[in-house]
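S.K.: This is the structure, below, for whatever I ask next.
The values are calculated or read from the model by the stated rules, or taken from the named source; none is laboratory data. Bear in mind the structure is a predicted one, so any value in this text is a computation, not a measurement. In this analysis, Cβ positions are derived from the backbone assuming ideal geometry, glycine residues included, and neighbour counts consider all displayed protein chains.
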Ligand code: GLA
């Protein structure tokens, strides 16, 4: 008897839904249904329901479009900060994050522009019975809110990591199916930056998956920089501008000059490989949406010359400057590289135009980057191990950037030359530049318009 009643109830609900849908279609298409048998009474009964449903439908469509966007006006210059992964991998805990925040202030990195302290993979514990993600209580016993409060008290911002799949690359719970819940949780904790990875995503569509999290973050209401990390596999530069604030362009970086480090089913790449892998995508970057050649490896094992080249090229590429070393225990040389203000100002230039390669000769690349005030940044990148003699006649170079429509006009304009690593002036572009560049490093110049 009871089951018969339940069945009857379900049937009547289904029938009423079908009738309602039919009514909506008829109502929207303005069909004259008064003559349709049996509909006269239903019209009166359902008039109210139809109006209510239609209002709901309109509201939800409107809400959908309101939340279908990223936070604009964030990352108008490439984000600067630190991330745990390159040096610490899964060895993260709240002590490390607090000490790193302290070091960012005491080392002078904060004054140089670094802002975000980002926890990468392996911070997660389990989801609770309602599905809300919890931090690993052994690693983060005080919880994420307390950690965010601490980082904020230092004048810095806190970043976190998740994954579009059901598990992160390290095997921790991913956000798939929990996007809105996770975004709400991050907002509640006071998170300012989310790196969103791409492991265990099976057949998900990349753009769609990242849009879901973008919308979830927006709906949660706290401005959070959204870092798309799908390694350049689905051409994120083609769709990333409206989805995130930065997108990884390659697989993982490795602290070597020109190597491929084979992990079996995937490889990580040396600095030169990362630079070379994605030429031709500069037009997609700009204020609020950056190509991300990965977090830096400065202070993680390359030579000082190589680290300088790495930092210089990230600045030329208008890349996010996310340090990846142990900033609590770094050498003076590493700190000097990471806080070189002349180089940072090239990266942070508000025109936000990525450099282009003017030419390569005898393993030396010459890169130009137009700057907001009419200056130019120029980097001679010696890829070779051997030192190279350079003789560069500015007046003979036709440096025209089709993207920014800037022309250096060395035949007419004169620029003062500042060496950004030697911290000295090198005359002007009236004279031929004659110099020697050691192996695996750069000569990085700012040309100051006179
Ligand atoms: C991927 C990312 C890395 C790092 C790890 C964490 O490999 O590309 O940057 O976040 O996952 O597991």
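S.K.: Within the range 91-104, track down each residue that is away from the ligand (no atom under 16 Å from the Cβ) and touching a helix residue (DSSP H, G or I) at 6+ places or on another chain (Cβ under 8 Å).
M.R.: Residues satisfying the conditions are 94, 98, 101, 103, 104.
S.K.: Can you tell me which residue within the range 64-83, out of those that are within 26 Å of residue 344 (Cα to Cα) and touching a strand residue (DSSP E or B) at 6+ places or on another chain (Cβ under 7 Å), is surrounded by the most Cβ atoms within 10 Å (Cβ to Cβ)? First the steps, then the outcome.
M.R.: At the first step, the residues of the range 64-83 found to be within 26 Å of residue 344 (Cα to Cα) are 71-83.
Among the residues that remain, those that are also touching a strand residue (DSSP E or B) at 6+ places or on another chain (Cβ under 7 Å) are: 74-75, 78-83.
Working: 74: 15, 75: 24, 78: 27, 79: 26, 80: 21, 81: 26, 82: 29, 83: 25.
The residue in question is 82.
S.K.: So, one more: Could you check how many residues of the range 260-301 are surrounded by fewer than 24 Cβ atoms within 10 Å (Cβ to Cβ), away from the ligand (no atom under 13 Å from the Cβ) and either under 21 Å from residue 323 (Cβ atoms) or not assigned by TED's automatic domain parsing to the domain that holds residue 161 (or both)?
M.R.: Residues in the range 260-301 being surrounded by fewer than 24 Cβ atoms within 10 Å (Cβ to Cβ), away from the ligand (no atom under 13 Å from the Cβ) and either under 21 Å from residue 323 (Cβ atoms) or not assigned by TED's automatic domain parsing to the domain that holds residue 161 (or both): 5 in total.
S.K.: Being away from the ligand (no atom under 16 Å from the Cβ) and buried (at least 18 other Cβ atoms within 10 Å of the Cβ) is the filter here; which residues of the range 159-180 pass it? Please lay out each step first, then the result.
M.R.: Residues of the range 159-180 away from the ligand (no atom under 16 Å from the Cβ): 177-180.
Scanning the range 159-180 gives 178, 179.
S.K.: Taking only pairs six or more apart or across chains, which ones have beta-carbon atoms under 8 Å, a first residue in the range 78-93 that is in contact (Cβ under 8 Å) with a residue 60 or more places away in the chain and farther than 30 Å from residue 287 by Cβ, and a second residue that is more than 12 Å from the ligand (Cβ to nearest atom) and in a loop (DSSP other than H, G, I, E, B)?
M.R.: Matching pairs, first to second residue: 88/326.
S.K.: Another question about this same structure. Go through the residues of the range 214-221 one by one and say whether even a single one is within 16 Å of the ligand (Cβ to nearest atom), in a loop (DSSP other than H, G, I, E, B), over 12 Å from the mean Cα position of the chain (by Cα) and surrounded by fewer than 24 Cβ atoms within 10 Å (Cβ to Cβ). Before the answer, list the steps.
M.R.: First, pick out the residues of the range 214-221 that are within 16 Å of the ligand (Cβ to nearest atom): none.
No; the residues of the range 214-221 include none that is within 16 Å of the ligand (Cβ to nearest atom), in a loop (DSSP other than H, G, I, E, B), over 12 Å from the mean Cα position of the chain (by Cα) and surrounded by fewer than 24 Cβ atoms within 10 Å (Cβ to Cβ).
S.K.: Here's another thing I want to ask about it. Where residues in the range 107-124 are in contact with a strand residue (DSSP E or B) (Cβ under 9 Å, 6 or more places away or on another chain) and away from the ligand (no atom under 16 Å from the Cβ), which of them is nearest to residue 173 (Cα to Cα)?
M.R.: First, pick out the residues of the range 107-124 that are in contact with a strand residue (DSSP E or B) (Cβ under 9 Å, 6 or more places away or on another chain): 109, 112-124.
Going one step further and asking which of them are away from the ligand (no atom under 16 Å from the Cβ), we end up with 109, 112-115.
Values: 109: 32, 112: 35, 113: 33, 114: 29, 115: 27 Å.
Among them, the one singled out is 115.
S.K.: Kindly establish whether residue 243 is within 16 Å of the ligand (Cβ to nearest atom) and on the phi < 0 side of the Ramachandran plot.
M.R.: The answer is no for residue 243.
S.K.: For the range 200-213, what are the residues that are within 16 Å of the ligand (Cβ to nearest atom) and under 17 Å from the mean Cα position of the chain (by Cα)?
M.R.: Hits for the range 200-213 are 206, 209, 210, 213.
S.K.: Among the strands (runs of 3 or more DSSP E) lying completely within the range 321-423, list those that include at least 2 residues that are without any contact (Cβ under 8 Å) to a residue 40 or more places away in the chain. Break it down stepwise before answering.
M.R.: Values: elements: 321-323, 356-361, 364-370, 376-382, 388-392, 415-419.
Passing ranges, in order: 356-361, 364-370, 415-419.
S.K.: With respect to residue 152, is the statement that it is outside the structural domain of residue 314 (by TED's automatic domain parsing) and away from the ligand (no atom under 16 Å from the Cβ) true?
M.R.: Values: outside the structural domain of residue 314 (by TED's automatic domain parsing): no; away from the ligand (no atom under 16 Å from the Cβ): yes.
Answer is no for this residue.
S.K.: Could you name every one of the strands (runs of 3 or more DSSP E) located completely within the range 229-284 that has at least 1 residues being closer than 16 Å to residue 195 by Cα and in contact (Cβ under 8 Å) with a residue 12 or more places away in the chain? Break it down stepwise before answering.
M.R.: Details: elements: 246-248, 260-262, 267-269.
In the range 229-284, 246-248 are the strands (runs of 3 or more DSSP E) which contain 1 or more residues that are closer than 16 Å to residue 195 by Cα and in contact (Cβ under 8 Å) with a residue 12 or more places away in the chain.
S.K.: Taking the criterion of being at pLDDT 60 or above and in a helix (DSSP H, G or I), would at least one residue in the range 72-85 satisfy it? Steps first, please.
M.R.: Taking the range 72-85 as the starting set, the residues that turn out to be at pLDDT 60 or above are 72-85.
Keeping just the survivors that are in a helix (DSSP H, G or I) gives 85.
Among the residues of the range 72-85, at least one is at pLDDT 60 or above and in a helix (DSSP H, G or I), which makes the answer yes.
S.K.: Of the residues that sit in the range 62-90 and are within 16 Å of the ligand (Cβ to nearest atom) and within 19 Å of residue 148 (Cα to Cα), which one is nearest to the chain's Cα centre (by Cα)?
M.R.: Once the filter is applied, the top-ranked residue is 79.
S.K.: When you scan the range 99-196 for strands (runs of 3 or more DSSP E) that lie fully inside it, which ones turn up with 1 or more residues that are under 22 Å from the mean Cα position of the chain (by Cα) and within 16 Å of residue 226 (Cα to Cα)? Talk me through it step by step, then tell me what you get.
M.R.: Working: elements: 116-118, 124-127, 133-135, 157-163.
The strands (runs of 3 or more DSSP E) meeting that bar are 116-118, 157-163.
S.K.: Now, a different point. Can you pull out every residue in the range 292-311 that is touching a helix residue (DSSP H, G or I) at 6+ places or on another chain (Cβ under 6 Å) and under 20 Å from residue 370 (Cα atoms)?
M.R.: 293, 310, 311 - these are the residues of the range 292-311 that are touching a helix residue (DSSP H, G or I) at 6+ places or on another chain (Cβ under 6 Å) and under 20 Å from residue 370 (Cα atoms).
S.K.: Quick one: in the range 312-328, of everything that is within 22 Å of the chain's Cα centre (by Cα) and surrounded by fewer than 24 Cβ atoms within 10 Å (Cβ to Cβ), which residue is farthest from residue 229 (Cα to Cα)?
M.R.: Kept after step one, since they are within 22 Å of the chain's Cα centre (by Cα), are these residues of the range 312-328: 312-327.
Narrowing the set further to residues that are surrounded by fewer than 24 Cβ atoms within 10 Å (Cβ to Cβ) leaves 313, 324, 326.
Values: 313: 20, 324: 16, 326: 22 Å.
Checked the range 312-328; the qualifying residue farthest from residue 229 (Cα to Cα) is 326.
S.K.: Does residue 339 satisfy being loosely packed, with under 13 Cβ neighbours inside 10 Å and assigned by TED's automatic domain parsing to the domain that holds residue 275? Give the derivation first.
M.R.: On the way: loosely packed, with under 13 Cβ neighbours inside 10 Å: no; assigned by TED's automatic domain parsing to the domain that holds residue 275: yes.
Answer is no for this residue.
S.K.: Looking at 403, 447, 420, can you tell me which residue is within 23 Å of residue 283 (Cα to Cα) and touching a helix residue (DSSP H, G or I) at 6+ places or on another chain (Cβ under 6 Å)? Break it down stepwise before answering.
M.R.: Values: 447 fails: touching a helix residue (DSSP H, G or I) at 6+ places or on another chain (Cβ under 6 Å); 420 fails: within 23 Å of residue 283 (Cα to Cα).
The conditions single out 403.
S.K.: Return yes or no: is residue 130 surrounded by 15 or more Cβ atoms within 10 Å (Cβ to Cβ), away from the ligand (no atom under 16 Å from the Cβ) and modelled with pLDDT of 95 or more? Steps first, please.
M.R.: Working: surrounded by 15 or more Cβ atoms within 10 Å (Cβ to Cβ): no; away from the ligand (no atom under 16 Å from the Cβ): yes; modelled with pLDDT of 95 or more: yes.
For residue 130, the condition - surrounded by 15 or more Cβ atoms within 10 Å (Cβ to Cβ), away from the ligand (no atom under 16 Å from the Cβ) and modelled with pLDDT of 95 or more - is not met.
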